[in-house]
1. Being at pLDDT below 90 and within 24 Å of the chain's Cα centre (by Cα) is the filter here, so list the residues in region A:167-199 that pass it.
2. What pairs can you find where one residue is in region B:176-189 and more than 18 Å from residue A:151 (Cα to Cα), the other is buried (at least 22 other Cβ atoms within 10 Å of the Cβ) and hydroxyl-bearing (Ser, Thr, Tyr), and their Cβ atoms are less than 8 Å apart, with a gap of 6+ or different chains?
3. Any idea which of B:155, B:171, B:150 is surrounded by fewer than 20 Cβ atoms within 10 Å (Cβ to Cβ) and either within 12 Å of chain A (Cβ to nearest Cβ) or of a type in the set (S, T, N, Q) (or both)?
4. Suppose we filter region A:29-79 for residues that are free of Cβ contacts under 8 Å to residues at least 60 places away in the same chain, within 15 Å of DNA strand D (Cβ to nearest atom) and not in a helix (DSSP H, G or I); how many remain?
5. Do you know which residues across region A:55-65 are under 10 Å from residue A:121 (Cβ atoms) and either touching a Phe, Trp or Tyr at 6+ places or on another chain (Cβ under 8 Å) or more than 11 Å from DNA strand C (Cβ to nearest atom) (or both)?
6. Kindly establish whether residue A:157 is of a type outside the set (Asp, Glu), at pLDDT below 95 and over 23 Å from the mean Cα position of the chain (by Cα).
7. Could you run through region B:2-24 and say how many residues are away from DNA strand D (no atom under 11 Å from the Cβ) and in a helix (DSSP H, G or I)?
2 protein chains.
Amino acid sequence: MPRPPRYDADVLLDAALELLVTQGARAVSAAAVARRAGVPSGSLYHRFPSRDALLAALWLRTVEAFQAEFGAHLRGSEPLRAARQAAVSVLTWTRAHPEQAQLLLRFRLADLLDGALPAEAKARARALRGAAEEGLRAFAQRLGLPEERVRFALVHVPYAAARASLTRGEVPPTSVDGLVEETVDALLGRPRPARRRVR
Amino acid sequence: MPRPPRYDADVLLDAALELLVTQGARAVSAAAVARRAGVPSGSLYHRFPSRDALLAALWLRTVEAFQAEFGAHLRGSEPLRAARQAAVSVLTWTRAHPEQAQLLLRFRLADLLDGALPAEAKARARALRGAAEEGLRAFAQRLGLPEERVRFALVHVPYAAARASLTRGEVPPTSVDGLVEETVDALLGRPRPARRRVR
DNA sequence: GCGATATTAGAGAGCCCTCTCTATAATCAC
DNA sequence: GTGATTATAGAGAGGGCTCTCTAATATCGC
């Protein structure tokens, strides 16, 4: 039997994530990741065939984690309630995993890579995209509302709310949860009888 | 008198923008910008002291253009109407200047740079940020609503709507204008009597 | 034409990065 | 212990990038 591994692939992905959110995409070189993780470059390339493959793995690991949670909420029983919960879960997840959230909010997969997406990663990416599309489509149907409207309310609005804080290096305050729920209600539910004018 | 310039600085900024939106931040090297613009690298460095200075100049040129328009709408007479117009102007501007919009939507200034923001750019950036903050603060006061709510409705929601299309390489369809106005009304105005359930 | 001035033009020093390659080490079945 | 297998470890080839430096060039006032 073989020599046991000394470094976990996740150690490298974690290092890459840290570099990415603190220093930006240009700072994430395979060499920098290896240095930061305290791993010889040879060992890095033993696990990942290329820098692009490493970045793709980081991206996919993160999207998978996020979508698992968001999707679970969408499948909840009462639709409007599920919608609110899914939307707010974006903020909750962001608070629980600020670095991962930054990765998703600030970068596109293609922007992290130098070349084309490695074939193996492409399959994983397509599966994820498919699952997300399908989940949203099904949910829109349950609500009886156009997909565009549902996507706007559940994806882009919470996204914007999370992004607002993250770009300032903070975590979204709980006060925006209310704004997001209110927006979801306004777009997907019956209009609220009277809006409280907070001031 | 001196020899007349042969290249305009904007030619370089345009080339950088094109590289940025089509290839991502990592692709925008000073060398690549010069190649793309058909300018010798020496001439590039004659205009910009460093790659970072060039990228900062591109960013600032773009933010200034965007804010000029957004700010003008905010100063419109009837507040709720001004709010709707400002919010929708984000989408209009995005359609008129898709590449510039992508720059603002997809990248943060710091992510484009390798090092710290050059001092000269820092002053310009601070001025811009100050003007934006002040404009929003004043508008929130006119509306008599909390700044956070106004920022969410006028900045982040339209931002999200624009981003939705741009990340797919498209320009926002006019159909989202309605969603944005509806959201602005719901968050800043009196609730609409009855929402039309489109389907 | 002639200096003064600003700009072009491009070669190349030095640096970092990606990725490869080879030598070495650790584990297990027998 | 031996062989098979899988990792580690790190040096270095080759390439691109940033930025500098020098030589050449275009314009103007006189």
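1. A:167, A:168, A:169
2. Listed by first residue and then by second, the contacts come to B:187/A:183.
3. B:155
4. Residues in region A:29-79 being free of Cβ contacts under 8 Å to residues at least 60 places away in the same chain, within 15 Å of DNA strand D (Cβ to nearest atom) and not in a helix (DSSP H, G or I): 5 in total.
5. A:56, A:57, A:59, A:60 - these are the residues of region A:55-65 that are under 10 Å from residue A:121 (Cβ atoms) and either touching a Phe, Trp or Tyr at 6+ places or on another chain (Cβ under 8 Å) or more than 11 Å from DNA strand C (Cβ to nearest atom) (or both).
6. no
7. 12
A quick yes/no check of all residues on (1) over 21 Å from residue B:19 (Cα atoms); (2) within 14 Å of chain B (Cβ to nearest Cβ); (3) acidic (Asp, Glu):
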| position | (1), (2), (3) |
| --- | --- |
| A:81 | yes, no, no |
| A:84 | yes, no, no |
| A:89 | yes, no, no |
| A:94 | yes, yes, no |
| A:97 | yes, no, no |
| A:102 | yes, yes, no |
| A:109 | no, yes, no |
| A:118 | yes, no, no |
| A:123 | yes, no, no |
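The values are calculated or read from the model by the stated rules, or taken from the named source; none is laboratory data. Since we're looking at a predicted model, the values are computed, not measured. Note: ideal-geometry Cβ built from the backbone for every residue, glycine included; neighbour counts use all protein chains shown.
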